[in-house]
Amino acid sequence: MQAAGSKSGQIGFVLLTGLSLIEIKEALKSCPVKLEDFDALVCNSGSEMYYPWRDLIIDEDYKAHIEYRWPGENVKSTVMRLAKIEDGVENDFMQLINQCSSRCYSYSIKLGAKSRNIDDLRQRLRMRGLRCNLVYTHAASRLNVIPLFASRDQALRYLSVRWGIELSKIIVFVGERGDTDFESLLGGLHKTVILIDSVEYGSEMLVHSEDTYKKNDTTSQDCTNIVRAKGFEAHEISKVLGNFRIM
């Protein structure tokens, strides 16, 4: 935000995260950034959207936009049963009641527990007529189950239309690794800045089966819309943004 300098009034800031709204509020208490500094909060891996300048009221239009074919309660217990490997322990997966909402069921994964990758789990759910989006987050220690058309990149497209902003003018900041929806934030019309050494552990090892495509098959690492930043200071970010002729 400091890198925006005098242009901060012309630039909007959106937080895209796998955290719930309650967790975001708690996390920002120890940060120099305030909740009011953001124009929108996209929570629970893209299943909920709030606006701090509107008293954090949920965006009902976005909620209606993503709820198509959401199985709701029907998927809640099924996920816990299918996500575990056959020889897994009973309490390897536990539902996080306080982090759940009507559009996101969250499950904690016990440290060291084995779980199915996204491709495998999605296929098993579809065989039972349950279509939804699945995201491992928190360094693979949590699974978020959300509507099929809910995602962080979908939230960006929604905001670009709602606010009349071209996707090519949107810049997404990510680490070198992240949640299992990490790949979807790299490609596209928007610009991406990868912050080197900002994330120690990710969840991407639980995305694909061995016989399916990998990240390098879907996203060119030499894409001109992707740049890398080696530091987090304002002047270092400004220098990187200069590659996009933004700052």
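The values are calculated or read from the model by the stated rules, or taken from the named source; none is laboratory data. Remember, predicted model here, so these are calculated numbers, not experimental data. Note that we place each Cβ from the backbone using ideal geometry, even for glycine, and neighbour counts take in every protein chain shown.
Residues in the range 96-115 that are out of contact with any Gly (no Cβ under 7 Å at 6 or more places or on another chain), without any contact (Cβ under 8 Å) to a residue 60 or more places away in the chain and more than 22 Å from Lys63 (Cα to Cα): Ser108, Ile109, Lys110, Leu111, Gly112. Scan the range 131-157 for residues that are more than 24 Å from Ser115 (Cβ to Cβ) and buried (at least 22 other Cβ atoms within 10 Å of the Cβ) and the total you get is 2. Within the range 12-36, residues that are at negative phi and touching a residue at least 40 places away in the same chain (Cβ under 8 Å) have Cβ atoms under 8 Å from residues that are in a loop (DSSP other than H, G, I, E, B) and surrounded by 12 or more Cβ atoms within 10 Å (Cβ to Cβ) in these pairs: Gly12/Asp39; Gly12/Ile165; Val14/Phe38; Val14/Asp39; Gly18/His138; Gly18/Asp179, counting only partners at least 6 apart in sequence or on another chain.
Residues in the range 109-155 that are polar (S, T, N, Q) and closer than 17 Å to Thr17 by Cβ were compared, and the one that is farthest from the chain's Cα centre (by Cα) is Ser141.
Within the range 35-55, being hydrophobic (A, V, I, L, M, F, W, C) and surrounded by 13 or more Cβ atoms within 10 Å (Cβ to Cβ) holds for Leu35, Phe38, Ala40, Leu41, Val42, Cys43, Met49.
A count restricted to the range 200-244 and to residues that are surrounded by 15 or more Cβ atoms within 10 Å (Cβ to Cβ), in a loop (DSSP other than H, G, I, E, B) and either at pLDDT below 80 or among the small types (Gly, Ala, Ser) (or both) stands at 5. Is it the case, given these coordinates, that Val75 is of a type outside the set (S, T, N, Q), surrounded by fewer than 15 Cβ atoms within 10 Å (Cβ to Cβ) and in contact (Cβ under 8 Å) with a residue 12 or more places away in the chain? Taking the combined requirement at face value, the residue does not satisfy it. Filtering the range 24-42 to residues that are among the acidic types (Asp, Glu) and touching a strand residue (DSSP E or B) at 6+ places or on another chain (Cβ under 8 Å) leaves only Asp39. The sole residue among Asp181, Asp153 that is in contact with a strand residue (DSSP E or B) (Cβ under 7 Å, 6 or more places away or on another chain) and among the acidic types (Asp, Glu) is Asp181.
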